Every structure is written in C-alpha cells, then in structure tokens.
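FYI, it's all coordinate maths here, none of it is from the lab. The shown structure was predicted, so the numbers you read here are calculated from the model rather than taken from an experiment. Every residue, glycine as well, gets a Cβ built from its backbone with ideal geometry; the counts of neighbours run over all protein chains shown.
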Amino acid sequence: MKRFLVSLFILVGASVTAAVPLHAQAAKSGSADILVKSTASWNGKPYTPYANGTPELTVLKLTIAPKTALPWHRHPYPNAGYVLEGSLTIQDKESGVHKTFHAGEAFTESVDDAHRGVAGDEKTVVLLVYAGIKGQPTSVPLPGQQKEY
C-alpha cells in the first residue's frame, strides 16, 4: 500500500507540474543587421532575371586551405557569402579585377563570370547561400578545371 501511495503521489505531482503554463515574456521583434543586400555582384555587374523553375536554397560552409586558389568556375544564379574565418580574395578571370574580403564581411558573387577564390595566409571558412533552381548545380567548373567543392 505504501508503494501505491508513493507512486500515486509522484504521478499526481508530475501531472500538476506538466499542466503549469510556461510564462513567456511579451513578444518582441528581433534585431537584424543587413550584411549585404545588392542587385549586383562584388564586381558591379548587375544581376538579371534568371530561369523559372522550382526554387532551391542551398547553404554551405566552404573551407579553403591557407594560400590555396579554388579552380576557375562560374555560378548560374546569384549567391552571397560571409567570411567566417580568414580572408578570401575573389579574382575575375577575364578582367583580372580582384577584391579581398575578411572575416566578418559579406559579399555577393558574380553570375556567369569566370572567377575563383584565393585564401589568405590562414585557413579560410566561408558561409555561402545560393538562391538556385532545383536540379541546377551551384557551381560549374571551367573546361579542364576541377569542381570548386
């Protein structure tokens, strides 16, 4: 009988505890910092409308060894990046124009322009967000080049 009463007490106590509502603070809006918002890529080339299809968002974390260049490649649609660690220099193959982004900086990538990223003296980690079309790759290597990732 003693076991029964102890079990009943625990069961009732647990039920009462579960029924107590959690008290939340009043709803508040969050705080947002726009890291990058653009209608053009890092090199100033405006974005143009792109193919219809089912949208597919891809978020990836790309790690590049120190002093390493990625293969030359193109992107078929807009994307943006954020440097988490190190630095990344983006080089445009045709014009030779380049720009360096450091940890804490965001950038927009070019569409259909051959380019590559080059890591600085430290390992570089970049968060990339692609606003793509389902079934299309996020990156297309130039002929004779390896895949970017």
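Values computed for the structure shown
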item	result
Failed condition for Pro137, given (1) under 17 Å from the mean Cα position of the chain (by Cα); (2) closer than 15 Å to Lys61 by Cα	(2)
Checking Leu70 against (1) closer than 23 Å to Ile34 by Cβ; (2) touching a Lys or Arg at 6+ places or on another chain (Cβ under 6 Å); (3) of a type in the set (A, V, I, L, M, F, W, C), the condition it does not meet	(1)
Matching residues, segment 45-64, being assigned to a loop (DSSP other than H, G, I, E, B) and surrounded by 10 or more Cβ atoms within 10 Å (Cβ to Cβ)	Lys45, Tyr47, Tyr50, Gly53
Wholly enclosed strands (runs of 3 or more DSSP E) of segment 82-146 bearing at least 2 residues among the hydrophobic types (A, V, I, L, M, F, W, C), touching a residue at least 60 places away in the same chain (Cβ under 8 Å) and surrounded by fewer than 16 Cβ atoms within 10 Å (Cβ to Cβ)	124-133
Where a residue in segment 58-72 is free of Cβ contacts under 8 Å to residues at least 60 places away in the same chain and farther than 27 Å from Lys134 by Cβ and its partner, wherever it lies, is of a type in the set (D, E, K, R) and loosely packed, with under 12 Cβ neighbours inside 10 Å, with Cβ under 8 Å and at least six apart	Pro66/Asp121; Lys67/Asp121
